[in-house]
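Below is one structure, written out as structure tokens, with a few remarks after it.
The values are calculated or read from the model by the stated rules, or taken from the named source; none is laboratory data. Being a predicted model, the structure only gives us computed values, none of them experimental. Positions of Cβ are backbone-derived with ideal geometry, glycine not excepted, and every protein chain shown enters the neighbour counts. Quick note on the areas: whole protein, heavy atoms, side chains included, nothing else; ligands and nucleic acids left out. Shrake-Rupley method; radii C 1.70, N 1.55, O 1.52, S 1.80 Å.
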Amino acid sequence: MPDSLIVTHPASATQATLNITEASIKAADLRQFRIGDEPLAAFDPGFTNTAVCHSAITYIDGEAGVLEYRGYPIAELAEKSTYLEVAWLLLNGELPTTAELEAWEQRVTVHRRVPEEVKTVLAGFPASAHPMTILMSSVASFYSFYPDARNFDDPESRSRALVRLIAKMPTIAAYAFRKGRGEDYVAPDDDLGYCANFLHMLFAQPGRPYEEHERLVRAMEVLFILHADHEQNCSTNAVRSVASSGNDLFTCCSAGIGALHGPLHGGANEAVLKMLREIGSVDRVPEFIEGVKAGKARMMGFGHRVYKNYDPRAKIIKKSVEDVFEITGVNPLLKIALELERHGLEDDYFVSRRLYPNVDFYSGLIYEALGFPPEMFTVLFAVPRASGWAAQYQEFITDPEQKIVRPKQIYTGHRTRSYPADGPR
Ligand code: CMC
């Protein structure tokens, strides 16, 4: 592959050189691209073929179904690591030493509590409020309590904001959950690890502390590792775009939470459960598949912009499903999901479009078995994604190549015309 291409304008025959950079993908550098005197822009709605940054955090090979954080395969991390260790890895580029991990865990633990006034932010929402809306607003409100987060060029200030975000996300998520159920908030328990404390804040009842089940805590830990980062997806792009105008981490992550909430992104896990319930029984699966093929519905939890192979996260979650169901009992919707997957992997509609189960296909079944209502599913995606957003934010802020995000448009409306002399029509 040459490191440049000569492009010829068909009308004027003017030639220009296009520089090609090659790392994980080949990309043409279009920043200053001109043919003769004329700038030439790329038209790429949805950024389907546009690289917006250099990044050293997460590597995906969608063709081969590979996902790595800082070079470590996701399956190894899911088997051997913990969420907080992975968060450190994403933020710092290397796995922590034992001493670093211990200090990091302690630092996160001391920041778990949220300011009392945040509870008044929560109180303003109706009981029916979606917990993602509560999460988004609460995280945005953190900037009012920690304005130091605007000093993001100072590594100390930046580090304080990162740890606060990662530490407080589970607390806010648990409060949003309990508010929906009309229950009092449960304060963090400093003797519990990150995931065990999260389950405690969610499910403990007065006089009946959450009974920690080691395998369920581990299942949560694995789900958190799998969701921690996924390079330049819709919500990460939102975080980076909002950061580009000089914003603090909390405002940026609030934007990320909003982007994640959509059903084509993180909201898909909630949509999968809704779809499974609507299908209702295994014998109705063929009819549903025919509807999808006729364009009446999408098979939620299937397909991915990058993966044209089985999503490696879905493979790991599918294994966890059995583990969790051994303790919680089998979710009856599993049979419908397995039958849908069987059709999806055999039917030419899905095969020819290379649509495979993605991370959201099986995760909802586990969440439901753990006792979460569907509206909490995307929250359970957002809480661990905080570490990925934080790492991406940090990389963006320290990247001298980056500028305020400001795409171009191709204008198709009227050109200059005069306001009618006799006033409005
Ligand atoms: N069910 C049925 N058809 C589909 C699906 C699906 N889930 N996904 C894509 N297609 C079809 C689509 O209709 C199109 O067909 P045609 O070429 O005949 O018009 C073709 O496949 C390509 O689809 P696309 O919408 O152009 O692909 P995209 O890369 O823009 O969209 C996607 C990716 C994830 C939004 C899409 O696959 C989808 O809507 N999936 C369902 C929602 C979902 O599960 N989202 C979670 C993604 S993973 C978690 C995350 O990272 O957010």
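Compute the long axis of helix 83-92 from its Cα atoms, compare it with the longest principal axis of the Cα atoms of the chain, and write down the angle in degrees, 0 to 90, nearest 10.
Once rounded, one gets 30 degrees.
Which of 344, 295, 329 moves the most in a Gaussian network model of the chain with Cα springs under 10 Å?
Its mean-square fluctuation being the largest, the pick is 295.
Round to a whole number: what % of the accessible area of the range 70-209 belongs to carbon and sulfur, probe 1.4 Å?
Numbers: 3230 of 6270 Å².
That fraction is 52 percent.
Reachable aspartates and glutamates from residue 179, Cα under 17 Å, same-chain residues fewer than 8 places away excluded?
Excluding near neighbours in sequence, the set is 116, 117, 375.
On a 0 to 90° scale, report how tilted helix 333-346 is relative to the longest principal axis of the chain, with both axes built from alpha carbons and the result rounded to the nearest 10.
Between the helix axis and the principal axis of the chain, the angle is about 30 degrees.
List the residues, sorted by chain then number, that are 5 or more residues from residue 297 or on another chain and whose placed amide H is less than 5 Å from its amide H.
292
For the range 41-163, just say rounded, prolate or oblate: build the C-alpha gyration tensor, square-root its eigenvalues into a ≥ b ≥ c, call rounded for a/c under 1.5, and beyond that prolate if a/b exceeds b/c, oblate if not.
Numbers: a/c = 1.75, a/b = 1.25, b/c = 1.40.
Oblate is the answer for the range 41-163, as a/c is 1.5 or above yet b/c matches or exceeds a/b.
Quick one: Cα convex hull volume of the chain, Å³ per residue?
Working: hull volume 92.6 nm³, N = 425.
Cα-based convex hull of the chain, divided per residue, equals 218 Å³.
Would you work out what percent of the accessible area of the range 281-425, with all protein chains in place, is carbon or sulfur (probe 1.4 Å)? Before the final figure, lay out each step's value.
Working: 4070 of 7930 Å².
Here carbon and sulfur together make up 51 percent of the probe-accessible area.
Among 363, 301, 394, which residue has its Cα furthest toward the positive end of the charge dipole of the range 290-425, with +1 on Lys/Arg Cβ and -1 on Asp/Glu Cβ?
394
What percent does the relative contact order of the range 245-401 come to when contacts are Cα pairs within less than 8 Å and at least six residues apart? Each step should come with its number before you reach the end.
Values: 158 pairs, mean separation 54.8, N = 157.
Reported relative contact order: 35 percent.
Under the 0.36 nm per residue contour assumption, what length would be gained going from the current alpha-carbon distance of residue 294 and residue 349 to full extension? Before the final figure, lay out each step's value.
On the way: separation 55, 0.36 × 55 = 19.80 nm, distance 1.01 nm.
18.8 nm is the gain from fully extending residue 294 to residue 349.
Going through the cross-link list 80/318; 80/308; 293/408; 274/296; 274/318, which pairs have a Cα-Cα distance over 24 Å in this structure? Don't jump to the answer; show the numbers that get you there.
Details: 80/318 18 Å; 80/308 27 Å; 293/408 35 Å; 274/296 16 Å; 274/318 19 Å.
Over 24 Å apart, Cα to Cα: 80/308; 293/408.
How do the peptides 133-144, 382-393, 273-284 rank, highest first, by the average count of neighbouring beta carbon atoms within 10 Å per residue? List each step's numbers first, then the result.
Values: 133-144: 20.9, 382-393: 27.0, 273-284: 15.4.
Ranked by mean Cβ neighbours within 10 Å, highest first: 382-393, 133-144, 273-284.
Measure off, as a whole percent, the carbon and sulfur share of the 1.4 Å-probe accessible area of the range 1-66, all protein chains present. Please list the in-between numbers first.
Working: 2520 of 4770 Å².
Solvent-exposed carbon and sulfur of the range 1-66 make up 53 percent of the total.
For the range 220-347, restrict the atom set to alpha-carbon positions and state the Rg and Dmax in Å.
Over the range 220-347's Cα set, Rg and Dmax evaluate to 17.0, 54 Å.
Please give the helix 131-145 orientation as an angle from the longest Cα principal axis of the chain, in degrees from 0 to 90, rounded to the nearest 10.
80
Ranked highest first by average number of other Cβ atoms within 10 Å, how do 306-312, 409-415, 214-220 line up? Before the final figure, lay out each step's value.
Working: 306-312: 19.4, 409-415: 5.9, 214-220: 17.7.
Top of the packing list down: 306-312, 214-220, 409-415.
Please work out the Cα center distance from the range 192-234 to the range 297-355, rounded to the nearest Å.
23
By a straight-distance test (C-alpha under 28 Å), which lysines pair with residue 403 as possible cross-link partners, with residues fewer than eight away in the same chain excluded?
26
Find, among the GluC sites (Glu not before Pro) in the range 1-71, those assigned to loop by DSSP (not H, G, I, E, B) with at most 13 other beta-carbon atoms within 10 angstrom. Could the numbers behind the result be given before it?
Numbers: sites: 22, 63, 68; in loops: 63.
Listed in order of number, the matching sites are 63.
From the Cα gyration tensor of the range 294-397, with a ≥ b ≥ c the square roots of its eigenvalues, which class applies: rounded if a/c is under 1.5, or else prolate if a/b is larger than b/c, or else oblate?
Details: a/c = 2.02, a/b = 1.14, b/c = 1.78.
Note, shape of the range 294-397 comes out oblate.
Over the chain, what is the relative contact order in whole percent, taking alpha-carbon pairs under 8 Å and six or more residues apart?
Reported relative contact order: 19 percent.
Quick check: net charge around residue 52, other residues with Cβ under 11 Å of its Cβ, Lys/Arg +1 and Asp/Glu -1? Don't skip to the end; give the middle numbers.
Details: positive: 240, 403; negative: 44, 231, 399, 401.
Counting the neighbours of residue 52, the net charge comes to -2.
Before I look further, what does the chain give for accessible area per residue, probe 1.4 Å, in whole square angstrom?
50
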